[in-house]
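In what follows, a single structure is set out as structure tokens and then discussed.
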Amino acid sequence: MDATNLIRMANRIGDFFEAYPDNAEALEGIANHIEKFWEPRMRWQLLDFLAAHPDGQAADISLHPLLRLSVMQNTARLTPRQARRP
């Protein structure tokens, strides 16, 4: 998947959970959603994007701050179990 589209999808998740009044609940909700509904290739791509851009900023795309924080706090949990990358 194109990185720009992936980040747009991720940012929609961040936008949704940003409305939660409890920040901890929002961070957990984001991690749960990505873990349950994103296929391993998408999770690898998101983790690779953050490894290359720890601040969540690239030339043409920017990761939602809440989503960035959730993924950083839950990297081990969101890393696909399969050892092989796409």
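The values are calculated or read from the model by the stated rules, or taken from the named source; none is laboratory data. Not measured: the values here are computed from a predicted model. Cβ coordinates were reconstructed from backbone atoms using ideal geometry, including for glycine residues, and neighbour counts include every protein chain displayed. Heads up: the accessible areas ignore ligands, DNA and RNA and are worked out on the full protein's heavy atoms, side chains in. Shrake-Rupley method; radii C 1.70, N 1.55, O 1.52, S 1.80 Å.
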- Task: Set the Förster distance to 22 Å, then compute FRET efficiency between D2 and R81 from the Cβ-Cβ distance, nearest 0.05.
- Result: 0.30
- Determine the relative contact order of the chain: mean sequence separation of Cα pairs under 8 Å and six or more apart, normalised by residue count, in whole percent. 41 percent
- Item | Calculated from backbone phi, Karplus (6.51, -1.76, 1.60) coupling profile of region 35-41 in Hz, x at Gly/Pro | 4, 7, 10, 9, 5, x, 4
- Loop only per DSSP, at most 13 neighbouring Cβ atoms within 10 Å: give me the trypsin sites (Lys or Arg not before Pro) in the chain, ordered by residue number. R81, R84
- Query: What length, rounded to one decimal in nm, is gained on full extension from N32 through to R12, with 0.36 nm per residue of separation minus their alpha-carbon distance?
  - Reply: 5.7 nm
- Could you tell me what percent of the accessible area of the chain is made up of carbon and sulfur, with a 1.4 Å probe and every protein chain present? 52 percent
- On average, how much accessible surface per residue is there in the chain, in Å², for a 1.4 Å probe, leaving out ligands, DNA and RNA? 61 Å²
